[in-house]
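> Take a look at this one; I'll ask things after.
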Amino acid sequence: MAYSDKVLDHYNHPRNVGSLDKSSPNVGTGMVGAPECGDVMKLQVKVNPDTGVIEDAKFKTFGCGSAIASSSLATEWLKGKTVDQALEIKNTDIVNELSLPPVKIHCSVLAEDAIKAAIGDYKRKQPAPEREAFSVS
Amino acid sequence: MELPIYMDNHATTQLDARVFEAMKPYFLEVYGNAASRNHSFGWEAEEGVEKARKQIADLIGATAKEIIFTSGATESNNLALKGVAEMYSERGNHIITQVIEHKAVLDTCKRLEKSGVRVTYLPVRQDGLIDLDQLRDAITDKTILISIMYANNEIGVVQPIQEIAKIAKEKGVLFHSDAVQAIGKVPVNVGQDGLDIMSLTAHKLYGPKGVGALYVRRRNPRVQITAQMDGGGHERGMRSGTLNVPGIVGLGAACEFARKEMPEESRRLSFLRDKLKDKLLNNLDEVYINGSMEHRLPHNLNISFAYVEGESLLMGINDIAVSSGSACTSATLEPSYVLKALGAGDDLAHSSIRFGLGRFNTEEQVDYVANKVIDVVQKLRELSPLYEMAKEGVDLSKVSWTAH
């Protein structure tokens, strides 16, 4: 199968590879996929709690070249976005940017899921004082 | 050193220039129909065919009359299984095969099942070999055929052919073997091995594509096969169709070179294969060989690099032609059924690479391939969340993954 230039570029020069401290309250971690399915993505975001802006994003991916490229691209897009803007990233945006063929669409779906999982993890870590106050009474 | 490097010799092999030379006159000069009995054009073509028949027979310890030409091993396997099922339908309707056969056998069995044949698919052990006790237990008074490949195309594991033949003979059951991967690589002798029917093909042994043969025993027992194509009654009535004379001449020449050069070539290939294996094992952790190393073709290495997905590895070594059992490289998006059958887990199937060395590979190429694979595996493990978790001591089998 021929890969698009953008997939090859991300595969050969993956952006933002690495890990952030998953125990930090400002870091959200998403891990999606399964080894027996052939792909696992770990995507992390570090959010500024005052502004809600994603200051850093890192990934590690076990998967084919398109899965690596999808998650690498996702980290590029995440940086500088607010948490709510990040949730607007759709898998189809990734498909278009990387020109993924139909058999590789699941890679982009996985990347979208990883973004949602990372943001979800971050949100769970944030205190929600008002709601807690209500639930006491 | 020229790139890319071809190391996928289980898929097909490069035509040997000497084979090509042997074939050449049969395209432009000796163009007669080998079945034309009344002129020299036909006689010369027939002479070429009969010489090839003898060359093939000599390689496998058969007689020339026991060689039936086909278009390749897929046809040979189809003809063997369907032909026996039809010919011996009054004696029984049960065939025994194994789960790691080539699709040409498995899918033929699936079709036969639709027409009332019962098929037993024996499992294999973790080393890729069948269990002979299970084979013995599977035989019933309705069993007419055992079909077990000589050596597997993915993991190169060589089955205990002589023991299987002994059991088949004991029970009066015919024994067919798809030997495409073994011929010319390990000594195959239909007499000593006790084979009744055997499939082979030219393009796995440095011959041309589109030509193969089926060995059909003529004595003790005399095996009969119902033709699966109707026509002029060529090949003792078992396979109609004008003979592919240049292809057949090429198959014959390929067999002759294999017969003369196999001992030396097999030693050389197993030396290169072992060098590749040792380099990979000595420089990388968590590398697993799939299938028995002891019962294995000399030129095969099938190996899983844990925590690295096969297609991404192929992408990184794109100047080397090899195959992967990864789902991403298959049309079905399923990982290799052969590796799954070994029970090692789907994750290792996704991480597998098959190296198939051949006549034209050099030691320099092997060194290059080993170094390149080591580099890319290390790079991809830096990228792999699984490798990171494993290094942190996480038991990956206990993680609840979100399967998709």
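> I'd like to verify a number: residues in region B:276-313 that are touching a Gly at 6+ places or on another chain (Cβ under 8 Å), within 14 Å of another protein chain (Cβ to nearest Cβ) and part of a loop (DSSP other than H, G, I, E, B), how many?
Residues meeting the conditions: 1.
> Report yes if some residue within region A:83-104 is more than 12 Å from every other protein chain (Cβ to nearest Cβ), open to solvent by less than 50 Å² (accessible area, probe 1.4 Å), touching a residue at least 24 places away in the same chain (Cβ under 8 Å) and not hydrophobic (A, V, I, L, M, F, W, C); otherwise report no.
No, every residue in region A:83-104 fails to be more than 12 Å from every other protein chain (Cβ to nearest Cβ), open to solvent by less than 50 Å² (accessible area, probe 1.4 Å), touching a residue at least 24 places away in the same chain (Cβ under 8 Å) and not hydrophobic (A, V, I, L, M, F, W, C).
The rows are residues; the columns are (1) assigned to a loop (DSSP other than H, G, I, E, B); (2) in contact with a His (Cβ under 8 Å, 6 or more places away or on another chain).
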residue	(1), (2)
A:S19	yes, no
A:M31	no, no
A:E36	no, yes
A:I54	no, no
A:F59	no, no
A:A69	no, yes
A:I89	yes, no
A:D93	no, no
A:D121	no, no
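> Could you please find all residues in region B:244-285 being open to solvent by 60 Å² or more (accessible area, probe 1.4 Å) and either touching a residue at least 24 places away in the same chain (Cβ under 8 Å) or closer than 30 Å to B:D58 by Cα (or both)?
B:N244, B:R259, B:K260, B:P263, B:E264, B:R267, B:R268, B:F271, B:N283
> Quick one: B:M315 ticks every box in (1) open to solvent by 10 Å² or more (accessible area, probe 1.4 Å); (2) under 30 Å from B:P187 (Cβ atoms) bar one, so which box is it?
(2)
> Under the condition of being among the aliphatic types (A, V, I, L, M) and either in a loop (DSSP other than H, G, I, E, B) or open to solvent by 10 Å² or more (accessible area, probe 1.4 Å) (or both), which residue from region B:340-376 is nearest to the other protein chains (Cβ to nearest Cβ)? Can you show your working first?
Going residue by residue through region B:340-376, those that are among the aliphatic types (A, V, I, L, M) are B:341-342, B:344, B:348-349, B:353, B:357, B:366, B:369-370, B:373-374, B:376.
With the extra rule that they be either in a loop (DSSP other than H, G, I, E, B) or open to solvent by 10 Å² or more (accessible area, probe 1.4 Å) (or both), the set shrinks to B:341-342, B:344, B:348, B:357, B:374, B:376.
Numbers: B:A341: 15, B:L342: 14, B:A344: 11, B:L348: 9, B:L357: 25, B:I374: 18, B:V376: 11 Å.
Within region B:340-376, the match that is nearest to the other protein chains (Cβ to nearest Cβ) is B:L348.
> Additional query: Considering only region B:223-238, how many residues are open to solvent by 40 Å² or more (accessible area, probe 1.4 Å) and under 14 Å from B:G83 (Cα atoms)?
5
> Would you confirm whether any residue within region B:138-160 is more than 27 Å from B:F271 (Cα to Cα), among the hydroxyl-bearing types (S, T, Y) and touching a Ser or Thr at 6+ places or on another chain (Cβ under 6 Å)? Step through it out loud before you land on a result.
So in region B:138-160, the residues more than 27 Å from B:F271 (Cα to Cα) come out as B:138-148.
With the extra rule that they be among the hydroxyl-bearing types (S, T, Y), the set shrinks to B:140, B:143, B:147.
Keeping just the survivors that are touching a Ser or Thr at 6+ places or on another chain (Cβ under 6 Å) gives B:147.
Taking every residue of region B:138-160 in turn, at least one turns out to be more than 27 Å from B:F271 (Cα to Cα), among the hydroxyl-bearing types (S, T, Y) and touching a Ser or Thr at 6+ places or on another chain (Cβ under 6 Å).
> Can you name the residue in region A:36-53 that is open to solvent by less than 10 Å² (accessible area, probe 1.4 Å) and without any contact (Cβ under 8 Å) to a residue 40 or more places away in the chain and is also farthest from the chain's Cα centre (by Cα) among such residues?
The selected residue is A:G38.
> OK, next. Which condition does B:L269 not pass, out of (1) in a helix (DSSP H, G or I); (2) hydrophobic (A, V, I, L, M, F, W, C); (3) farther than 28 Å from B:A165 by Cβ, if it passes all the others?
Of the numbered conditions (1) in a helix (DSSP H, G or I); (2) hydrophobic (A, V, I, L, M, F, W, C); (3) farther than 28 Å from B:A165 by Cβ, the odd one out for B:L269 is (3).
> May I ask you to verify whether B:Q55 is in contact with a Cys (Cβ under 6 Å, 6 or more places away or on another chain), modelled with pLDDT of 95 or more, open to solvent by 10 Å² or more (accessible area, probe 1.4 Å) and of a type outside the set (K, R)?
For B:Q55, the condition - in contact with a Cys (Cβ under 6 Å, 6 or more places away or on another chain), modelled with pLDDT of 95 or more, open to solvent by 10 Å² or more (accessible area, probe 1.4 Å) and of a type outside the set (K, R) - is met.
> Ok, one more. Would you please list the contacts, defined by Cβ atoms under 8 Å and residues six or more apart or on different chains, that run from a residue in region B:377-404 that is facing chain A (nearest Cβ under 7 Å) to a residue that is of a type in the set (S, T, N, Q) and surrounded by 12 or more Cβ atoms within 10 Å (Cβ to Cβ)?
Between residues of region B:377-404 that are facing chain A (nearest Cβ under 7 Å) and residues that are of a type in the set (S, T, N, Q) and surrounded by 12 or more Cβ atoms within 10 Å (Cβ to Cβ), the close pairs are B:L383/A:T61; B:S384/A:T61; B:P385/A:T61; B:E388/A:S19.
> While we're here: Check region A:21-30 and report whether any residue there is within 12 Å of another protein chain (Cβ to nearest Cβ) and surrounded by fewer than 16 Cβ atoms within 10 Å (Cβ to Cβ). Walk me through how you get there before you give the answer.
Restricting attention to region A:21-30, the residues satisfying the condition of being within 12 Å of another protein chain (Cβ to nearest Cβ) are A:22, A:29-30.
Okay, now just the ones that are also surrounded by fewer than 16 Cβ atoms within 10 Å (Cβ to Cβ), so A:22.
Checking region A:21-30: at least one residue is within 12 Å of another protein chain (Cβ to nearest Cβ) and surrounded by fewer than 16 Cβ atoms within 10 Å (Cβ to Cβ).
The values are calculated or read from the model by the stated rules, or taken from the named source; none is laboratory data. Treat the numbers as computed from the prediction; the structure is a model and nothing was measured. Reconstructed Cβ throughout: ideal geometry from the backbone, glycine too, with neighbour counts over all protein chains shown. We work out accessible area using only protein heavy atoms, side chains counted, and drop any ligands, DNA or RNA first. Shrake-Rupley method; radii C 1.70, N 1.55, O 1.52, S 1.80 Å.
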